[in-house]
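Colleague: Below is one structure. I have some questions about it.
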Amino acid sequence: MSLVVKFWGVRGSLPSAPPPQEWSYHIEGILRNFFSSGYREPSQIAKYLQSMETPLVGGYGVATTCVEIQSPQAQLIIDGGSGIRNLSEAIMKGTTGRSKGPFHIFMTHFHWDHVIGLPFFTPHFIPGCEVHYYGVQPELEKLIRGVFAKPYFPVPFEQLKSKVFFHVLEPRKPYQLEDMTITPYQLDHPDPCWGLKVENGGKAYAHCVDTECTRVTREELAEDLPLYQNIDLMYFDAQYTLPELAEKANWGHSAAQVGLDIALRENIKTVLFAHHDPGARVEQVLELKRQTREYYESREKFASQKDQKLSSVKWDFAHEGLEIYL
Ligand SMILES: [Zn+2]
Ligand SMILES: [Zn+2]
């Protein structure tokens with residue numbers, strides 16, 4: 001194992017869960033399917049649920065962006081969306097990563113959905129605990145302090161019991177975190193946003209959320225192209241359908257087909273699509289999946305007509321709690 005990547009929050013823009021009435025319909029559908037599949041006994045429930053893909057039972061998740069990456073010697077957290085609260089609980093219980101710290105948090109940018117969970121990251125309040133923040137934006141320290149500003153949060157930054165450090169990274173320059181190499185590359189998003197390439201032991205993860213990916217060709221990507229090269233797992237912004245992407249130009253988010261094109265060209269092994277729209281329920285994400293499958297098959301068909309071999313890319317839409325071993 002070189003890298004373990006766990007997705008604690010995969011939703012975009014705002015934490016969002018279906019209202020209770022919608023959950024009732026969802027549960028009704030699951031129960032109907034239980035009986036129509038030939039199951040009858042309560043003892044068969046666990047087997048039935050385990051036979052289904054996680055999102056079909058529990059949905060894609062509520063929390064906004066937070067990704068934890070572990071290597072044999074290091075732990076890195078990307079962004080402090082509301083997903084960091086569950087990570088914080090796991091750290092306090094000692095069930096994930098390095099529960100005593102120091103903790104390292106890389107900030108892609110500072111939109112609400114990427115900072116909203118930071119005040120709920122408990123290590124901030126533990127005397128002597130070290131929390132290190134990283135970002136390319138020169139205002140990193142001011143922006144993090146602002147998250148704790150009164151009256152938005154009752155405990156001001158100055159009263160945190162932990163020791164907090166700030167590290168402004170140079171664009172496109174590798175930074176060594178123990179045995180993990182992290183390199184920031186620019187994404188296409190309002191209020192500059194920086195993606196991250198994380199490498200260890202010959203494996204590489206590319207974090208490409210939030211991005212509209214208006215630069216697609218190798219020439220357009222230029223100095224940011226390495227973010228997409230020699231990648232084992234790419235996490236890509238797929239908030240929109242293709243027609244929505246056209247309608248929402250400059251909103252800063254992309255579509256799965258755009259990421260798939262890059263993955264096929266650059267031989268990326270696996271792609272996970274995320275930053276699901278706050279309004280997207282299970283059915284909408286499944287529809288995005290259907291459209292992506294249709295697109296992939298059309299690319300395969302086109303390649304076979306031209307006697308070309310399309311590189312094989314594994315892809316799916318990420319759900320909260322998903323863990324990938326590289
Ligand atoms: Zn976002
Ligand atoms: Zn954003």
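Colleague: Stretch residue 295-residue 14 to full length: gain in nm at 0.36 nm per residue minus the Cα-Cα span?
Modeller: The span from residue 295 to residue 14 would gain 98.3 nm if fully extended.
Colleague: Have a look at the range 181-306 and give its Rg and Dmax from the Cα atoms, expressed in angstrom.
Modeller: Values for the range 181-306 (Cα only, Rg and Dmax): 14.4, 43 Å.
Colleague: Moving on. Antiparallel DSSP bridges in the chain: what percent, to the nearest 5? Could you put the intermediate results ahead of the total?
Modeller: Details: 26 of 54 bridges.
Roughly 50 percent of the DSSP beta bridges within the chain come out antiparallel.
Colleague: Taking the Cα centroid of the range 169-216 and of the range 15-67, what is the distance between the two, rounded to the nearest whole Å?
Modeller: Their Cα centres are 35 Å away from one another.
Colleague: Using the crude model of +1 on Lys and Arg Cβ and -1 on Asp and Glu Cβ, and no other charge, please compute the dipole size for the range 1-87 relative to its Cα centre, in debye to 20.
Modeller: Numbers: 6 positive and 6 negative charges, 21 e Å.
So the magnitude is around 100 debye.
Colleague: Sticking with this one: Please identify the longest segment of the chain free of exposed GluC sites (Glu not before Pro), where exposed means a DSSP state other than H, G, I, E or B and no more than 16 other Cβ atoms within 10 Å.
Modeller: Numbers: sites that count: 53, 139, 178.
Within the chain, the longest run free of exposed GluC sites (Glu not before Pro) spans 179-326.
Colleague: Just for the range 184-326, what percent of DSSP beta bridges are antiparallel, to the closest 5?
Modeller: On the way: 8 of 22 bridges.
Roughly 35 percent of the beta bridges in the range 184-326 run antiparallel, per DSSP.
Colleague: Using a 7 Å offset from the Cα along the Cα-to-Cβ direction at both residue 130 and residue 49, what is the distance between the two label points in nm, to one decimal?
Modeller: 4.1 nm
Colleague: Now a separate question. From Cα coordinates alone, what are the radius of gyration and Dmax values for the range 46-196 in angstrom?
Modeller: Computed over the Cα atoms of the range 46-196, radius of gyration and Dmax are 16.4, 52 Å.
Colleague: In µm²/s, what is D for the chain at 37 °C and 0.692 mPa s, where D = kT/(6 pi eta Rh) by Stokes-Einstein and Rh is the Kirkwood radius from Cα pairs? Walk me through the intermediate numbers first.
Modeller: Working: Rh = 20.8 Å.
Taking Rh from Cα pairs, D becomes 158 µm²/s.
Colleague: Taking neighbour counts of Cβ atoms within 10 Å as a proxy for exposure, in what order, fewest first, do 311, 13 appear? Don't skip to the answer; put the middle values down first.
Modeller: Details: 311 12, 13 21.
Starting with the residue having the fewest Cβ neighbours, the order is 311, 13.
Colleague: With 10 angstrom as the radius, rank 16, 304, 99 by how many other C-beta atoms surround their C-beta, starting from the fewest.
Modeller: On the way: 16 19, 304 11, 99 14.
Exposure proxy ranking, most exposed first: 304, 99, 16.
Colleague: With 30 Å as the limit, write out which pairs from 47/100; 142/173; 150/173; 197/309; 47/203; 142/289 have Cα-Cα distances beyond it, or answer none.
Modeller: Details: 47/100 37 Å; 142/173 23 Å; 150/173 35 Å; 197/309 27 Å; 47/203 35 Å; 142/289 40 Å.
47/100; 150/173; 47/203; 142/289, as the Cα separations exceed 30 Å there.
Colleague: If you don't mind, there's one more thing I want to ask. Please report 315, 194, 8, 251 as a ranked list, fewest other C-beta atoms within 10 angstrom at the top and most at the bottom. Walk me through the numbers before you get to the answer.
Modeller: Working: 315 21, 194 24, 8 29, 251 16.
Result, fewest neighbours first: 251, 315, 194, 8.
Colleague: Within the range 210-246, whose backbone N sits under 17 Å from a point 7 Å along Cα→Cβ of residue 172?
Modeller: Flagged as within label range: 214-230.
Here, each number is a calculation from the coordinates, and none is a lab measurement. The structure displayed is predicted, hence computed values, not measured ones. Please note: Cβ atoms are built from the backbone with ideal geometry, for glycine as well, and neighbour counts cover all protein chains shown.
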